[in-house]
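Working notes for the structure below.
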Number of protein chains: 2
Amino acid sequence: MYRSHSCGELRESHIGQTVTLSGWVAKTRDKGFVVWVDLRDRYGITQLVLDEDRTNAELLEQARNLGREFVIQIKGEVIERTSKNANIPTGNIEVLVSELTILNESKTPPFTIENETDGGEDLRMKYRYLDIRRNPVKNNLIFRSKVTMEVRKFLSSEGFIEVETPYLIKSTPEGARDFVVPSRMNEGQFYALPQSPQTFKQLLMVGGMDKYFQIVKCFRDEDLRADRQPEFTQIDCEMAFVEQEDILNVFENLTKYLLKEVNGVEIDSFPRMTYDDAMAKYGNDKPDIRFGMEFAELNSVAQHKEFGVFNSAELVVGIAVPDAASYTRKELDALVNWVKRPQIGANGMVYVKCNEDGSFKSTVDKFYDQDDLAKWAAATGAKPGDLICVLSGDANKTRTQLSALRMEMATRLGLRKPNEFAPLWVVDFPLLELDEETGHYHAMHHPFTSPKPGQLELLDTDPGAVRANAYDLVLNGNEIGGGSIRIHDKDMQATMFKHLGFTPEEAKAQFGFLMDAFQYGAPPHGGLAFGLDRLVAILGGQETIRDFIAFPKNNSGRDVMIDAPAPIDNAQLKELSLKLDIDLK
Amino acid sequence: MYRSHSCGELRESHIGQTVTLSGWVAKTRDKGFVVWVDLRDRYGITQLVLDEDRTNAELLEQARNLGREFVIQIKGEVIERTSKNANIPTGNIEVLVSELTILNESKTPPFTIENETDGGEDLRMKYRYLDIRRNPVKNNLIFRSKVTMEVRKFLSSEGFIEVETPYLIKSTPEGARDFVVPSRMNEGQFYALPQSPQTFKQLLMVGGMDKYFQIVKCFRDEDLRADRQPEFTQIDCEMAFVEQEDILNVFENLTKYLLKEVNGVEIDSFPRMTYDDAMAKYGNDKPDIRFGMEFAELNSVAQHKEFGVFNSAELVVGIAVPDAASYTRKELDALVNWVKRPQIGANGMVYVKCNEDGSFKSTVDKFYDQDDLAKWAAATGAKPGDLICVLSGDANKTRTQLSALRMEMATRLGLRKPNEFAPLWVVDFPLLELDEETGHYHAMHHPFTSPKPGQLELLDTDPGAVRANAYDLVLNGNEIGGGSIRIHDKDMQATMFKHLGFTPEEAKAQFGFLMDAFQYGAPPHGGLAFGLDRLVAILGGQETIRDFIAFPKNNSGRDVMIDAPAPIDNAQLKELSLKLDIDLK
């Protein structure tokens, strides 16, 4: 038996007991006649004590020479601590060591195993197993495990069945790039790793499985932006014989349940907003509604004056930034430069200081009088002390720019509080999205999403206007889940593939099995998938998913700890009937 | 709202209520003035009724024309059934239909959606979504979901943390073949899909995670034997600061918990047997102990007589088959032929009928008298009415042959009862196994398994004799789990790699990250993994895993439903810097 108790377990009630502990040496303090050792395991830290009066000399010497991160086992008596430490649960006791065994030694770790470490990101990733010993990472992983368990408990109690769908499936040209897996037994052929279990969950609905879920890894071979991973985890759900309302109810309840069980936060019911409203009010289909600063369209009050920039703009739109009228000229110039950065791309910014005395001071005073500016203030809801920021230009681009500014100002003002939770359903998404480069429409959600009833004919005349029963669940400005009511009619699915530019042959080659299935009694169905990595990060009050993943990959898709990917040998390639075809650049 | 109740829900207490149901038309019976429809969903079957007295003519006609597997929604009143059906929970009621909507039509399915279907394996796999509508398959998937949920509940309650390890890892030459995944972003390099999360779970132990589990897909690119799948699911577990006894306790308790929760069976404690004993008594390291027929070595009583076959044999070994003395000459000849089949490979079989009068009749009466045979009966525990079957030859081969015969006889005698559960720990496995072809030793479990304390030096002198703290959990003659205490010392791991034929460079290239990790305070640790597919099948009282997998692959590793794997286009290959290298045979 390696231990009678964990290092987080002993309390005053244990005083007098002889215990055995095992763990890592977090710290030793050598005061000459007395040595203290902080012994750490997953559950906490317990202080060990050895001194000249009570410990034999050899043992004391052994303790003195313990290095950081040595793994040791000790036996000793729980005693009351003279100088108590109220910061840790075991702070009232210490263990007087009578036996000590070194279970394994340790080289000096490349960074400190503390909450605030001196290790940079790269080093932490290379030695991830040491990083995981640190409380912040360890606690994130434990938190993730708790969240997934609660998800499973809730969905099971609602009658959902967890079904494992295959990982070795078929490559489809739709959407992002697939990772492929050459088949040795089927020469020249490849499996693909699933980007999601979409078609399989639909087939389970055709199979009568009714309420399905799965917490499952998905794969996308995309160029990695910051905080994207080539493999990620989805809470994947699908229901049959449901309308959108049924699905929103179930997953609103799931999210409420999680917020309550995991965060102790109770939320009554989630507001809903159409996609069009979200774009108009926040310039964003995943608005953070923990704070206001809603957009006000100013075309009617700002155009038809002498200011040419606004007059020629498709959209003039502003927000009132609370308590920012006090910005200095230098700060305001910096802000204008901020919106003009290439990442944001605005041509400029007009601002209006709403003075405490009710007057206004703007960068366009020569075109607008106080009455004009008062109308801007009324439209944006600006109060004395606020700063009105106005952007103008092409409607879509300007909204995106103002959305970025709104988020930036909220961050500066501390309005994005990690422990405040503001969920929101965004509904009525467009079915199709125009690819500005190619001029083609593609599916905004995916090609299996059903248009709203009665809108099918619009596909021919005004494809961009067709709305879908597609919805996203947004939490604190992040899309944490999304889904739709699916097509369950073979002919409608064929029509949809046609509009997405598939020939009938391509549609059949790629999705023939699904269209076949629709011929054998497919029920109405729909579903939703949560991005688990992000959900967990946000519930954990953080924005970065990487520290909620045990062994993440870097931005080149590499696991720097195990050094993967890596070359494979020629024999292995030959077995797979493959040759490398490398351009030597 | 598509339904107010499920098709398995309505009882006499609902009589008089107006309900809405949705589901599939399982059957229609048209008696002219009355039409009955069996409506099916995941939850059961409800009988619908329409008749000339109470239903309008148009509706009745519509019902008459419903095809099998049409998806319909009905509204109607729950009424008492005149001829009740005690076989189904809804058998006391029926629903008098007042509205009927066809939600989707269906072509005639390629096989009947009944418990006993007329569809062969190939057809069922191609239309798996229809197969899943059948109770036996549907119930297996629901059962699997329940088992995994109970596993998670138990392990969570024991303080285990579920941690997701990566799927895109590094190829290693050890063990079975890896599936590989070409990396586009890292030209000419490959990820591999994990055969198990072995090294990652060990790194989690180094990271202090202490009690880890994961229900996870694993991948092996092996030529598929019957009932093997290229992707399979493992319940993967690891613990730190534990000895073998701690691990056996936890997972014995898990298995007991499952047997109780899932099967309602209570088992006290699991017997244990060493590998050597299992081989000697059952010729098998995963003996089915639901029945006896233990091996009796007969060398001492059968050799040194006139029978040359036995005299020249390394081993003479027999079993007493209960109640088989009544086999006819023809049946016995068939049995002798059975053991001589190439799959079994025995040269012949000697048998002794134990007559009811206490006398014996054997095929070797000319070499052995009644006293001799009485000794055989005593050794094998044969009683009057039993048949003693004796094989001889090379010890290992003969044991394997007799093990096959023992299982065959148990099957014939109905002793392998699916609802009887006989778990068994097999312990003290050899560390290494001799590959007869190459003459090299390889790791019996895997190269991370620790030899038993004090046996390290035997590695040089008698490698086959080294025993490991490695154990299998056997249930009804199937290995459902296996594990070991791992090496946690860098030098011992290096020694092990050396004995397994790795050069230091190879060991470093493949497992350098693990040996590095062992330098930074690796705790003693060990673990176990269950094969979920088999575990679920056995708990479900079946031997075939395929019907417990939603979308299994066939023996060529193909998914015949989606037709994968499949060729990919040249552009995709080019992006991956690959060319096909196909031999045109």
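The values are calculated or read from the model by the stated rules, or taken from the named source; none is laboratory data. Being a predicted model, the structure only gives us computed values, none of them experimental. So basically every Cβ, Gly included, is an ideal-geometry build from the backbone, and we count neighbours across all protein chains shown. Remember, those area values only see protein heavy atoms, side chains included, never the ligands or the DNA or RNA. Shrake-Rupley method; radii C 1.70, N 1.55, O 1.52, S 1.80 Å.
Consider the range A:1-46. How many of its residues are assigned to a loop (DSSP other than H, G, I, E, B) and away from every other protein chain (no Cβ under 14 Å)?
Just the residues of the range A:1-46 that are assigned to a loop (DSSP other than H, G, I, E, B), to begin with: A:1-11, A:15-17, A:31-33, A:42-43.
Now narrow it down to the ones that are away from every other protein chain (no Cβ under 14 Å): A:10-11, A:15-17, A:31-33.
Number satisfying all stated conditions: 8.
Given B:Gly557, B:Gly527, B:Gly483, which one is surrounded by 23 or more Cβ atoms within 10 Å (Cβ to Cβ), of a type in the set (Gly, Ala, Ser), at pLDDT 90 or above and touching a Cys at 6+ places or on another chain (Cβ under 7 Å)?
It is B:Gly527.
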Among (1) open to solvent by 40 Å² or more (accessible area, probe 1.4 Å); (2) not assigned by the TED database to the domain that holds A:Arg225 - the single one A:Glu543 does not satisfy: (2)
Six or more apart or on different chains, Cβ under 6 Å: which pairs go from a residue in the range B:222-240 that's touching a residue at least 40 places away in the same chain (Cβ under 8 Å) to one that's acidic (Asp, Glu) and in a loop (DSSP other than H, G, I, E, B)? Could you list them? B:Ala240/B:Asp210
Name the helices (runs of 4 or more DSSP H) wholly inside the range B:472-554 in which the number of residues that are touching an Asp or Glu at 6+ places or on another chain (Cβ under 6 Å) is 3 or more. none
Criterion first (under 26 Å from B:Leu203 (Cβ atoms), basic (Lys, Arg), open to solvent by 10 Å² or more (accessible area, probe 1.4 Å) and under 25 Å from the mean Cα position of the chain (by Cα)) does A:Arg124 satisfy it? yes
Inspect all residues belonging to the range B:454-471 and state whether any of them is open to solvent by less than 20 Å² (accessible area, probe 1.4 Å), closer than 27 Å to B:Ala537 by Cβ and either without any contact (Cβ under 8 Å) to a residue 40 or more places away in the chain or among the polar types (S, T, N, Q) (or both). no
Scan the range B:102-132 residue by residue and report those that are more than 11 Å from chain A (Cβ to nearest Cβ) and β-branched (Val, Ile, Thr). B:Thr112, B:Thr117
Here's a check for you: in the range B:170-207, which residue that is of a type outside the set (A, V, I, L, M, F, W, C), touching a residue at least 60 places away in the same chain (Cβ under 8 Å) and farther than 27 Å from B:Leu576 by Cα is surrounded by the fewest Cβ atoms within 10 Å (Cβ to Cβ)? B:Thr199
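A quick yes/no check of all residues on (1) exposed (fewer than 15 other Cβ atoms within 10 Å of the Cβ); (2) in contact (Cβ under 8 Å) with a residue 40 or more places away in the chain; (3) in a strand (DSSP E or B); (4) of a type in the set (Val, Ile, Thr):
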| position | (1), (2), (3), (4) |
| --- | --- |
| A:Gly318 | no, yes, yes, no |
| A:Lys330 | yes, no, no, no |
| A:Ile344 | no, yes, no, yes |
| A:Asp357 | yes, no, no, no |
| A:Asp372 | no, yes, no, no |
| A:Ala404 | no, yes, no, no |
Can you find even one residue in the range B:195-205 that is more than 9 Å from every other protein chain (Cβ to nearest Cβ), out of contact with any helix residue (DSSP H, G or I) (no Cβ under 7 Å at 6 or more places or on another chain) and either of a type in the set (Phe, Trp, Tyr) or assigned to a strand (DSSP E or B) (or both)? no
B:Thr503 fails exactly one of (1) under 27 Å from B:Thr274 (Cα atoms); (2) free of Cβ contacts under 8 Å to residues at least 12 places away in the same chain, namely (1)
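Can you say whether A:Asp435 is under 30 Å from A:Glu457 (Cα atoms), touching a His at 6+ places or on another chain (Cβ under 8 Å) and open to solvent by 40 Å² or more (accessible area, probe 1.4 Å), as far as the supplied structure shows? Write out each step before concluding.
Working: under 30 Å from A:Glu457 (Cα atoms): yes; touching a His at 6+ places or on another chain (Cβ under 8 Å): yes; open to solvent by 40 Å² or more (accessible area, probe 1.4 Å): yes.
The answer is yes for A:Asp435.
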Candidates B:Thr112, B:Thr117, B:Thr172, filtered to the one that is assigned to a loop (DSSP other than H, G, I, E, B), in the same structural domain as B:Ala192 (by the TED database) and either within 30 Å of B:Gln198 (Cα to Cα) or out of contact with any His (no Cβ under 9 Å at 6 or more places or on another chain) (or both): B:Thr172
Can you find, within the range A:133-142, the residue that is farthest from A:Ala537 (Cα to Cα) among those that are open to solvent by less than 20 Å² (accessible area, probe 1.4 Å) and within 8 Å of chain B (Cβ to nearest Cβ)? A:Arg133
Yes or no: B:Tyr167 within 7 Å of another protein chain (Cβ to nearest Cβ), crowded, with 23+ Cβ neighbours inside 10 Å, more than 24 Å from the chain's Cα centre (by Cα) and not basic (Lys, Arg)? no
Residues to consider are A:Asn135, A:Asn115; find the one that is at pLDDT 95 or above and of a type outside the set (Val, Ile, Thr). A:Asn135
Quickly run through the range A:82-109 and pick out the residues that are assigned to a loop (DSSP other than H, G, I, E, B) and open to solvent by 20 Å² or more (accessible area, probe 1.4 Å). A:Thr82, A:Ser83, A:Lys84, A:Asn85, A:Ala86, A:Asn87, A:Ile88, A:Pro89, A:Asn92, A:Glu105, A:Lys107, A:Thr108
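Condition (residue is over 27 Å from B:Phe143 (Cα atoms) and touching a residue at least 40 places away in the same chain (Cβ under 8 Å)) applied to the range B:535-545: is it met by at least one residue? Show your work before the answer.
First pass over the range B:535-545, keeping only residues over 27 Å from B:Phe143 (Cα atoms): none.
No, the range B:535-545 has no match at all.
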In the range B:230-289, what residues are touching a Leu at 6+ places or on another chain (Cβ under 9 Å), under 27 Å from B:Pro524 (Cβ atoms) and open to solvent by 30 Å² or more (accessible area, probe 1.4 Å)? B:Pro271, B:Arg272
In the range B:224-309, which helices (runs of 4 or more DSSP H) lie fully inside it and hold 3 or more residues that are within 17 Å of the chain's Cα centre (by Cα)? B:244-263
Can you find a residue that is open to solvent by 10 Å² or more (accessible area, probe 1.4 Å) and of a type in the set (Val, Ile, Thr) anywhere in the range A:530-537? no
Of the numbered conditions (1) within 12 Å of another protein chain (Cβ to nearest Cβ); (2) at pLDDT below 95, A:Glu505 fails exactly one; give the number of that condition. (1)
Residue pairs within 7 Å by beta carbon, gap of at least six or interchain, first lying in the range B:35-48 and within 16 Å of B:Tyr2 (Cβ to Cβ), second of a type in the set (Phe, Trp, Tyr) and surrounded by fewer than 24 Cβ atoms within 10 Å (Cβ to Cβ), listed first then second, are B:Leu48/B:Trp36
Pairs needed: first member in the range B:110-127, closer than 21 Å to B:Ile562 by Cβ; second member anywhere, of a type in the set (Ser, Thr, Tyr); C-beta distance under 6 Å; at least 6 residues apart or different chains. B:Pro110/B:Tyr127; B:Phe111/B:Thr117
Within the range A:546-585, tally of residues that are at the interface with chain B (Cβ under 7 Å from one of its Cβ atoms) and aromatic (Phe, Trp, Tyr): 1
Identify the residue in the range A:443-471 that is closer than 16 Å to A:Gln493 by Cβ and in a strand (DSSP E or B) and, among all such residues, is modelled with the lowest pLDDT. A:Ala443
